[in-house]
Amino acid sequence: MIAKEAIPNLLGNTAFDGSHNKIGKVGHVYLDDRTGQPEWMTVQTGNAGSRETFVPLETAELRGSEVTVPFSKEQITNAPNIDAGGGDHLSAQDEAVMYEFYGLAQPSMPAATMPRTDDAMTRSEEQMHIGKERVDAGKVHLHKYVVTEDQQQTVPVRKEKVRLEREPINDANRGRATSGPDISGADFEVVRHEERPVVNKETVPMERVRLATDDITEDQSVGGQVRKERIEAEGLRDDENR
């Protein structure tokens, strides 16, 4: 908002759009009838400044002798042609047209005095109504990967152990003992056997895993601000204010 004291810095100086493109020189400044603050300015547009276009000062910025508005030069050039008729203010209808063109909310007028209908005053207040919406709270993925772990099992294995047996000569084995040469050298061999563990692996299904959702209900505190009207009486005597 441009202050009233800054009007001399506007008149005759150059206006620029939001991209600092030169629009034209400022011709006139119009004040708000209620506040007395600068509300509109006219900028010379068209060929050789042949046309004066109204631009709102609500969002304007004064930088030295330059005034910058957040509208494009093209938009300002295409603004409706409003003729103020040489007056010092715009009509309410013309203002409404210009505010709508620039996409700005028109300042509200002061509330008029309401006609008195009865002896009671209505007190109103805002009430808060809470609703719910369903939104995404995040995604959960199933991911399968392979790990390797060591397993130990105890397995009984058998081994053959060779022992030396001696038996005396008797009538039962004498014939086998004397069947060979009397004195000679000889060799005899016995093969020992033993069991060794052998590991075989097979893949077997163990379980099936899926993702499921369960609905749970929890209480959440929701706060907000509501406005309430209060009615107080003024001018009551102490003995009446009870």
Give the residues of region 123-158 that are among the charged types (D, E, K, R) and either modelled with pLDDT of 95 or more or assigned to a loop (DSSP other than H, G, I, E, B) (or both), sorted by residue number.
Arg123, Glu126, Lys132, Glu133, Arg134, Asp136, Lys139, Lys144, Glu149, Asp150, Arg158
Kindly evaluate Arg227 against the criterion of being modelled with pLDDT of 85 or more and among the basic types (Lys, Arg).
yes
If Thr42 meets every condition in (1) in contact with a strand residue (DSSP E or B) (Cβ under 8 Å, 6 or more places away or on another chain); (2) more than 26 Å from Ala92 (Cα to Cα); (3) among the polar types (S, T, N, Q) apart from one, which number is that one?
(2)
Is it the case, given these coordinates, that Glu229 is surrounded by 10 or more Cβ atoms within 10 Å (Cβ to Cβ) and closer than 30 Å to Ala120 by Cα?
yes
For Asn81, all conditions in the list (1) under 13 Å from Thr53 (Cα atoms); (2) modelled with pLDDT of 75 or more; (3) surrounded by 11 or more Cβ atoms within 10 Å (Cβ to Cβ); (4) of a type outside the set (Ser, Thr, Tyr) hold save one; what is the number of the exception?
(3)
Can we say Thr68 is surrounded by 12 or more Cβ atoms within 10 Å (Cβ to Cβ), modelled with pLDDT of 90 or more and of a type in the set (Val, Ile, Thr)?
yes
Residues satisfying the stated conditions in region 151-185, i.e. surrounded by 10 or more Cβ atoms within 10 Å (Cβ to Cβ) and under 30 Å from Lys201 (Cβ atoms):
Glu160
Please report, ordered by residue number, the strands (runs of 3 or more DSSP E) entirely within region 28-86 with at least 3 residues that are in contact with a Leu (Cβ under 9 Å, 6 or more places away or on another chain).
38-45
Over 30 Å from Asp119 (Cβ atoms), of a type in the set (Val, Ile, Thr) and surrounded by fewer than 10 Cβ atoms within 10 Å (Cβ to Cβ), is that true of Val135?
yes
Tell me which residues, restricted to region 140-171, are under 29 Å from Val190 (Cα atoms) and touching a Pro at 6+ places or on another chain (Cβ under 9 Å).
Val155, Val157
If I go through region 9-40 residue by residue, how many of them are over 40 Å from the mean Cα position of the chain (by Cα), surrounded by 15 or more Cβ atoms within 10 Å (Cβ to Cβ) and hydrophobic (A, V, I, L, M, F, W, C)?
4
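The values are calculated or read from the model by the stated rules, or taken from the named source; none is laboratory data. Note that this is a predicted model, so its numbers are computed, not measured. As a convention, Cβ positions derive from the backbone with ideal geometry for all residues, glycine included, and neighbour counts pool all protein chains shown.
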